[in-house]
Structures are given as C-alpha cells and as structure tokens.
Amino acid sequence: MAPLHNRISQKELKERLLKETDPRTTISFYRYFPIPDPAAFRDELYKNLDTLKVFGRIYVAHEGINAQISVPSANFDQFRTYLYSITHLDGVRLNIAVDDDGKSFWVLKIKVRDKIVADGITDPSFSMEKKGHYVNAEQFNSLTNDPDTIVVDMRNHYEYEVGHFENAIEVPSDTFRDQLPMVANMLEDKKKKNIIMYCTGGIRCEKASAYMLHRGFENVFHLEGGIINYANQIKEDNLSNKFHGKNFVFDNRLGERITDEVIAKCHQCGKPADTHVNCVNSACHLLFIQCEECKNKYDGCCSKECQDVIHLPEEQQKVIRKGIDKGRNIFNKSKARLRPRPQDVIKRDSA
Ligand SMILES: [Zn+2]
Ligand SMILES: [Zn+2]
C-alpha cells in the first residue's frame, strides 16, 4: 500500500514545487455532510489526491469536509471527476482563485478534526442536516429590499469593520463560537422574521443558519458562496451591489476591494483608512488599521512603545519577544488590547 503521508522534508518539497513549471489551479471547497468514519474517508481521499499530485490542506470531520488545495491544471478534469464520484460531493461548488500563482502549497495534508468549523456547540441534538435556505446574489438583493429582513454578518469584527452589506448587523465577538449564542440571544424576539446570514466564503454562515434553526428561528437564509461568490455574481450578471468597502481575506493583500468607499478609520488618528497591517514589532504583530501618514510617523508600528522597541538592538528585542503571548493579537474595539504591552514586559523583566 502507498504511504498515506509524505516522507520527504518540507524544505525539499518546497524546492520541488518552486522548480515545477506546469501550472497549478488553486481551489477551495467545503461541504457539510455526515461522514461516519472520518479516518477511513481521509485515507481513501489521500490515496486518490496524492496520485493526482494535489497539494494543500484539507480537514475532514464527522460533519463534512473543508479544503484549500492546488491541482496541476492538466489534472483538473480528472480531479473533478474523482471528487464528484464521492457520494455527497457530486456537484460541490469549487471556488477557483483567480489571481493566484498556485505556489501556496507544496505538500498534501489531510487532517481529521473534531469539526470543520469550531463552534463550541455541546448539545448532542444539534445537527448540520437541517440548514437554512441558500440564496444567490439576486435573491439576496431582493430579500434584503424588504426592510423587515434582518441581515447578519457572521464574520469577526475586524472583517466587518472594513466592509459589509447595507444594514448588516455586526455580532461583536472575536470568535465564531462566541458569536453563535450571541446572535441567537440578540435576535431572541425576532424568531418569525426573515434572517439572512453571510460570511466570507459561506462555511461559517451555513453553520450559523443551522444553529439558528436549532434555536427556534423559522425563516433562516444564508448567502451561498459568501461575499466572494456574491462579488463574482454581481459582476457577471450586472446586478446592483449592496456590499460596501473591502472583503477581508487572509492572504497577502488582507482584503479585496469591492467598492471604492472607505468605511473604516485609522486606529491611530481616526482618519478614513481601511488597510489592515501587522505591527512591524514582531513581539507585537498586532493586526490593526493604519493610514499612510501614521505608517510613516510610527514606522509601521501600532504605538510609540512598539516603535521604541524596533529601534532597540536585536538582542534586547529577543528578550522582549520571549515574554509575550501572541495568541490572539487583533485590535479590538471593546478591549483595545488583548495582550501585554511590550513596555509592561520590559518593566516586568527588569524588575
Ligand atoms: Zn492615521
Ligand atoms: Zn505593536
């Protein structure tokens, strides 16, 4: 039997990929469906995708599959035929990344997880088999023309901050697992209203729609393929656009502009800005919004303190880095900082 994982070093695999001249297509897809034996499903999938020289990261759980992969473009048809031959994956929507060089992955990793999207739900009667109704861009537009429809953004606050749909409600938490009970409680007295949920690519709002039904909401919808697919559909079909600003995505651009409107503000000076950056001080690495002026003024740092740190000798910076947990380092309106400030660590270490 062929090995079900790689025995070659990461470094060598990456070098091999960079030498590859055949183009690759970068694809993402997900689907919620019951997988009784995720480990067996994983092994079978690995054997087949490895043969087709697919790279990337795939999560398999009892509740379904979530994949970000690259496929040699020459093998694409074969790949799709294989994927669609799997029960429940026939016709699954494949999101093809347009401006991608196909060099993001150099190894295939398929992992069995507890969930494909961590939700914190412990109630055993919760099931992904009862979900809300999918809506496409056109249906989304017409449903949201009704002022009684409630639109819910199921992304994190920093994603909402730079771009969102007209009249969308923000669920102010850092984590999806906290957002689920929070949104159900926020809308407790609106169980009979039309509720449309959306997220970046659809995987979170699909789960949220199932959760809302579980909590007794009656008319729950979710945007198929998320903002990414909506943006494509309005362009293709020349529909009116109800999304304003930028769609935040975790790639090098940290966001794709959908309209020219800048709806967020610089976290340092308050002027209109919607460019997310990571603080240059690697002991901090805070994700925040910074305008060009502040970028120059603070050398790309989130604060005067971090700016001081980056001008210290490297040895001293190393000491500072050691003391800091960078676990969840995102600018948050409610708790302006989620981490010890570098100067506190300096004080603590010198005390
Ligand atoms: Zn500024
Ligand atoms: Zn900083």
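The values are calculated or read from the model by the stated rules, or taken from the named source; none is laboratory data. Being a predicted model, the structure only gives us computed values, none of them experimental. Note: ideal-geometry Cβ built from the backbone for every residue, glycine included; neighbour counts use all protein chains shown. Areas reflect the complete protein model, heavy atoms only, side chains present, ligands, DNA and RNA absent. Shrake-Rupley method; radii C 1.70, N 1.55, O 1.52, S 1.80 Å.
On the stretch 1-151, 51 percent of the accessible area sits on carbon and sulfur atoms, based on a 1.4 Å probe. Listed values for the stretch 286-294 are Karplus-derived 3J(HN,Hα) couplings in whole Hz (6.51 cos²θ - 1.76 cosθ + 1.60, θ = phi - 60°), namely 3, 8, 8, 9, 9, 7, 4, 4, 5, and x replaces Gly and Pro.
Each of CYS302, ILE27, LEU213 was placed along the dipole of the chain (beta-carbon charges, centred on the mean Cα), and the one lying farthest toward the positive end is CYS302. Quick one: of the DSSP bridges fully inside the stretch 147-271, what percent are antiparallel, nearest 5? Around 35 percent antiparallel, to the nearest 5. For the chain, the gyration tensor built on C-alpha atoms gives an oblate shape. Its axis ratio a/c (a ≥ b ≥ c) is at least 1.5, and a/b is not larger than b/c. Computed over protein heavy atoms with a 1.4 Å probe, the accessible surface of the stretch 1-160 works out to 54 Å² per residue.
Of all the options CYS291, CYS269, CYS279, the one that moves most in a Gaussian network model of the chain with Cα springs shorter than 10 angstrom is CYS269. Less than 5 angstrom separates the built amide H of PHE248 from those of GLU256, all sequence-distant by 5 or more or on a different chain.
The residue list ILE58, ASN95, PHE105 was ranked by how far each Cα lies along the charge dipole of the stretch 1-160 toward its positive end, using unit charges on Cβ atoms, and PHE105 comes out on top. Among the lysines of the stretch 174-267, pairs at least eight places apart or on separate chains and with Cα atoms under 25 Å apart come to 13. Estimated at 0.36 nm per residue, the fully extended path between GLU15 and LYS109 surpasses their Cα-Cα distance by 32.1 nm. Relative contact order, whole percent, for the chain stands at 11, derived from Cα pairs under 8 Å and 6 or more residues apart.
Per-residue 3J(HN,Hα) values for the stretch 116-124, derived from phi via the Karplus relation 6.51 cos²θ - 1.76 cosθ + 1.60 with θ = phi - 60°, read 7, 10, 4, 10, x, 7, 10, 5, x Hz in sequence order (x marks Gly and Pro).
Between ASN167 and ASP100, the simple spin-label model (points 7 angstrom out along Cα→Cβ) gives 3.5 nm.
Taking chymotrypsin sites (Phe, Trp or Tyr not before Pro) across the stretch 67-130, none is in a DSSP loop with at most 11 further Cβ atoms lying within 10 angstrom of its Cβ. Per-residue ellipticity at 222 nm, computed for the chain from helices alone with -39500 (n - 2.57) per DSSP H run of at least four residues, works out to -9500 deg cm²/dmol. Find the centroid of the Cα atoms in the stretch 100-146 and in the stretch 166-182, then give the distance between the two in whole Å. About 15 Å separates the Cα centre of the stretch 100-146 from the one of the stretch 166-182. Name the shape class, rounded, prolate or oblate, that the alpha-carbon gyration tensor gives for the stretch 105-244, where a ≥ b ≥ c are the square roots of its eigenvalues, rounded holds for a/c under 1.5, and otherwise prolate holds if a/b is larger than b/c and oblate otherwise. It comes out oblate by the Cα gyration axes. At full extension, GLU305 and ARG257 could sit 14.1 nm farther apart than now, given 0.36 nm per residue minus the alpha carbon distance. For GluC sites (Glu not before Pro), the sites in the stretch 53-147 that DSSP calls loop and that have at most 16 other Cβ atoms within 10 Å are GLU129.
Taking only protein heavy atoms and a 1.4 Å probe, the accessible area of the stretch 173-298 is 48% carbon and sulfur. Of all DSSP bridge pairs formed entirely within the chain, close to 60 percent run antiparallel.
Length available on full extension from ASN296 to LEU89: 0.36 nm per residue minus the Cα-Cα distance, which gives 69.6 nm.
With a ≥ b ≥ c the root eigenvalues of the C-alpha gyration tensor of the stretch 1-147, is it rounded (a/c under 1.5), prolate (a/b larger than b/c) or oblate? Judged from the Cα gyration tensor, the stretch 1-147 comes out oblate (a/c at least 1.5, b/c at or above a/b).
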